[in-house]
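The values are calculated or read from the model by the stated rules, or taken from the named source; none is laboratory data. This structure is a prediction, so every number in the text was calculated from the model and none was measured. Quick reminder, even Gly has a Cβ in these numbers, built from the backbone with ideal geometry, and neighbours come from all protein chains shown.
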Amino acid sequence: MLEQAMKNGAGEWLLGERFLTRTLEQYRAAFGGFSELFDSLGLACPSDDPAAIAGHFSSLELARLNGRAIALLAAEESRETGRQALRPGDWHVIGYVLSSGRTLRESIERCADCFQAIDGRCGRLTLRRSGEEARVELDARRSHSTAKSLLIDLHGIARVHALLSLLVAQSLPVAGVYLDYPEDRFASLGLPPLPHPLHLAQGWTGFSFPVVYLDHPVVRTLDEISRRPDDSFLFNTLGMDEEDEAISLRVRRIALRSLRDRHVLPPFEDVVDALGMSAATLRRRLARAGTNYREIRDSCRREVALDLLRHSAAPIEAISARLDFCDSDAFRRAFRDWFGVPPTTYRQRLRESAGVSRA
């Protein structure tokens, strides 16, 4: 997503402004004004015009405003329909449950149980697999579809995607965003294109991503994900300064290309030279992006390991060499640390799963 954001930054900025404008229009219709909203955030309201407000703030401030406005709109909608509203502490509980999983799959499955345990205040979350895609389905259990509910659902999709991305310390590549709304309802909002493929009226709401990411380990703690609650692909604020995240992605591309093409992870000094900056500067900028070179190296190794185990018959010894481990035992130890099982067990489970799917 970020690569696309760097190419189309103006488009994504416009998406954030336009989305907040539509949210504020719904907010004004529901509450008559913006005083409560801005007071709750300790901000001064610069205008009574939603478009003027949206054009006044930075991307991160847009996300904060939108998040708070959506929360109040969702609570109002719950009251109108006689449902129990989401409580302030519910998102903390959800964050705790998500961060307690060992892998992304385990975290999502636990979160689905959590949604059920808190009496449906968040609706229902379901994890499904469709071929090589994983689907996170979000059902708010509404009997009607309005512009307000569409905005609430799209915000929810973006927030869940951001939380899952934070867990694995990289933005999940979205195969598709799904909204179970008619095309004319979405078109009436006048939003710029989303940064991911959009599918309307397909019978479910949520998003999909490559199934292989379900096996990625959770590497973020509750404190880490709680510090960045406003991240969202709607506002191009995925957790860090845009330039710093661009640097972290460049470092990752350098390391990943070297690992895939030459089967060697480059020394940190080589990456520093390739980027034309000092080692201290690069370390500082990676730290601001919430990572470091060791985490990036591990992430690259995990990605290539999963790909080779899933799509090749290469023996473990050969995969170990491809990943620049000193020997196969080191690879086995690392893989067990990442995923909780040896690589041979992971591969066997994949084969058994494929056999069941074919049957």
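Look at Ser165 and say whether it is among the small types (Gly, Ala, Ser) and in a loop (DSSP other than H, G, I, E, B). Taking the combined requirement at face value, the residue does not satisfy it.
Considering region 299-335, and only residues there that are of a type in the set (D, E, K, R) and either surrounded by fewer than 18 Cβ atoms within 10 Å (Cβ to Cβ) or not assigned by TED's automatic domain parsing to the domain that holds Arg262 (or both), the residue that is nearest to Asp270 (Cα to Cα) turns out to be Asp327. Are any of the residues in region 210-217 at pLDDT 85 or above, assigned to a loop (DSSP other than H, G, I, E, B) and crowded, with 21+ Cβ neighbours inside 10 Å? Yes; the residues of region 210-217 include at least one that is at pLDDT 85 or above, assigned to a loop (DSSP other than H, G, I, E, B) and crowded, with 21+ Cβ neighbours inside 10 Å. Taken as a whole, region 136-146 holds no residue that is among the basic types (Lys, Arg) and not in a loop (DSSP other than H, G, I, E, B). With respect to the conditions (1) closer than 26 Å to Phe207 by Cβ; (2) modelled with pLDDT under 90; (3) among the hydrophobic types (A, V, I, L, M, F, W, C), Leu20 lacks only one, and its number is (2).
Specify the residue that is modelled with the highest pLDDT; the eligible residues are those in region 94-124 that are over 27 Å from Arg336 (Cα atoms) and surrounded by fewer than 14 Cβ atoms within 10 Å (Cβ to Cβ). Ranking the qualifying residues of region 94-124, first place goes to Arg124.
Does Leu286 fit the bill of being touching a helix residue (DSSP H, G or I) at 6+ places or on another chain (Cβ under 7 Å), over 30 Å from Pro342 (Cα atoms) and surrounded by fewer than 17 Cβ atoms within 10 Å (Cβ to Cβ)? In short, no. Criterion applied to Leu151, Leu127 was being assigned to a helix (DSSP H, G or I) and at pLDDT 95 or above, and the one residue passing it is Leu151.
Scan region 278-285 and tell me whether some residue there is among the charged types (D, E, K, R), within 21 Å of the chain's Cα centre (by Cα) and at pLDDT below 90. Scanning region 278-285 turns up no residue that is among the charged types (D, E, K, R), within 21 Å of the chain's Cα centre (by Cα) and at pLDDT below 90. Take Ala354 and tell me if it is at pLDDT below 90 and surrounded by 13 or more Cβ atoms within 10 Å (Cβ to Cβ). No; evaluated as a whole, the condition is false for this residue. Counting the residues of region 42-53 that are in a helix (DSSP H, G or I) and either farther than 19 Å from Phe19 by Cβ or in contact with a Leu (Cβ under 7 Å, 6 or more places away or on another chain) (or both) gives 2.
When Phe339, Phe268, Phe335, Phe325 are checked against the criterion of being in contact with a strand residue (DSSP E or B) (Cβ under 7 Å, 6 or more places away or on another chain) and aromatic (Phe, Trp, Tyr), a single residue qualifies: Phe339.
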